[in-house]
């Protein structure tokens, strides 16, 4: 019952219940009583105070370049619509992240930049420098994100922008763990569920008859205006990650109800057109490798009989560290398509070894040592087939990938599971 309370209370973290082995083996003695579950219900939803709501709106009324960071928010369609209404009412720039599920339509006029990758790029850095008000709706590690944008520790030299933090993340901070990340300065600190506060803000905006139209926001170009189809790699040679992302987006567009359960590290946000809260389910909180298979299987279970097509795109290292999870998908007869973006390396560590080599004046050409998955190459298809999946041959070209995804779609719609080994270059592609 305690575990149920925790999982049903924002921020809805997972709970691990461990029963002592002695308790598991001991014979039950005496009568067991089952109390009424409703008397152990989770606490009621926490909301912001009226004063906090007015302070937030006051900050936006005097802002020239306000930004709303869409972090760990809900997937309820009504809450999705509320976030759109809030951004439009305040004429703010919306920012979302590949770390978390689709939180805002990436093609919306106010979602000026493509979805943010794991580390902010130049465009996101420049936007954060221009922002005079930042509304943080439970963004993952805002302090770390702003440190990468500004170059300064936010626990020592916080940016001068007005920061409005709305999160219940502090309720899960434990003394033995640092997963709550860096301490971020906040001018208004609201301990409440973000989507509850969004609803409160919309109500007060209507009461105060707040309207906004910002020339600085309107002047920002929209990311979709500069997206072009990438140049194709030579036939038979591994495709670039950009080509792969373009093809996945091409497959997802149109009448297909695709849910991307996972995307690999380094995935380009410029090809992510998410139009509803189930378009993309996000990933782990950091740069972990190995959680993708478990995420994919769990998502496939949740989406079973929903009419949606679950597609997991993950790196080969991610796949190999958890390939046994796919047996569960077959055992439970969960429809699922898996695209392995296979650069034949634990490339995240390869890139890290290159950075360290440059810093320490060592030969960066040795970066592959201990990380390259080649000689012989791992048979991705055979490993998945051994877990009950169907699969064809490894492919290298974008048109082959699209054809394989269409073939996999037929298998998945019939209730099966399909694996695609898509050979690609490293992150530099």
- Residue by residue through the stretch 85-105, note down the ones that are in a loop (DSSP other than H, G, I, E, B) and either closer than 21 Å to residue 62 by Cβ or touching a helix residue (DSSP H, G or I) at 6+ places or on another chain (Cβ under 9 Å) (or both). 91, 92, 98, 102, 103, 104, 105
- Answer with yes or no whether residue 211 is farther than 30 Å from residue 13 by Cβ, surrounded by fewer than 22 Cβ atoms within 10 Å (Cβ to Cβ) and in contact with a helix residue (DSSP H, G or I) (Cβ under 8 Å, 6 or more places away or on another chain). yes
- Query: Can you name the number of the only condition in (1) more than 20 Å from residue 420 (Cβ to Cβ); (2) modelled with pLDDT of 90 or more that residue 310 fails?
  - Reply: (1)
- Take residue 250 and decide whether it is outside the structural domain of residue 117 (by TED's automatic domain parsing), surrounded by fewer than 20 Cβ atoms within 10 Å (Cβ to Cβ) and not in a loop (DSSP other than H, G, I, E, B). yes
- Note on the structure: The correct count of residues that are part of a loop (DSSP other than H, G, I, E, B) and at pLDDT below 90 in the stretch 313-324 is 0
- Message: On the basis of being assigned to a helix (DSSP H, G or I) and either modelled with pLDDT of 95 or more or under 23 Å from residue 79 (Cβ atoms) (or both), does residue 278 make the cut?
- Response: no
- Message: Among the listed residues 114, 14, identify the single one that is farther than 17 Å from residue 194 by Cβ and loosely packed, with under 11 Cβ neighbours inside 10 Å.
- Response: 14
- Taking first residues from the stretch 97-116 that are not assigned by TED's automatic domain parsing to the domain that holds residue 87 and second residues anywhere that are assigned to a loop (DSSP other than H, G, I, E, B) and modelled with pLDDT under 95, the pairs with Cβ under 7 Å that are 6 or more apart or on different chains are none
- Note on the structure: The condition from (1) crowded, with 21+ Cβ neighbours inside 10 Å; (2) modelled with pLDDT under 95 that residue 329 misses is numbered (2)
- Message: Tell me whether the stretch 190-208 contains one or more residues that are closer than 26 Å to residue 269 by Cα, free of Cβ contacts under 8 Å to residues at least 40 places away in the same chain and loosely packed, with under 11 Cβ neighbours inside 10 Å.
- Response: no
- Task: Count, please, the residues in the stretch 155-167 that happen to be crowded, with 21+ Cβ neighbours inside 10 Å and farther than 16 Å from residue 92 by Cβ.
- Result: 1
- In the stretch 13-52, residues that are within 30 Å of residue 207 (Cβ to Cβ) and within 28 Å of the chain's Cα centre (by Cα) total 7
- Message: List pairs: first residue in the stretch 212-233 and at pLDDT 95 or above, second residue assigned to a helix (DSSP H, G or I) anywhere in the structure, Cβ distance under 7 angstrom, at least six positions apart or on different chains.
- Response: 223/270
- Any idea which of 273, 256 is touching a strand residue (DSSP E or B) at 6+ places or on another chain (Cβ under 8 Å), in contact (Cβ under 8 Å) with a residue 40 or more places away in the chain, surrounded by fewer than 21 Cβ atoms within 10 Å (Cβ to Cβ) and not in a helix (DSSP H, G or I)? 256
- Task: Check whether at least one residue in the stretch 21-38 is surrounded by fewer than 16 Cβ atoms within 10 Å (Cβ to Cβ), touching a residue at least 60 places away in the same chain (Cβ under 8 Å), outside the structural domain of residue 190 (by TED's automatic domain parsing) and part of a loop (DSSP other than H, G, I, E, B), and report yes or no.
- Result: no
- Is it the case that residue 83 is at pLDDT 95 or above, surrounded by fewer than 19 Cβ atoms within 10 Å (Cβ to Cβ) and touching a strand residue (DSSP E or B) at 6+ places or on another chain (Cβ under 8 Å)? no
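The values are calculated or read from the model by the stated rules, or taken from the named source; none is laboratory data. Please read these numbers as outputs of a predicted model, since none were measured by experiment. With ideal geometry, Cβ positions are generated from the backbone for all residues, glycine too; neighbour counts draw on all protein chains shown.
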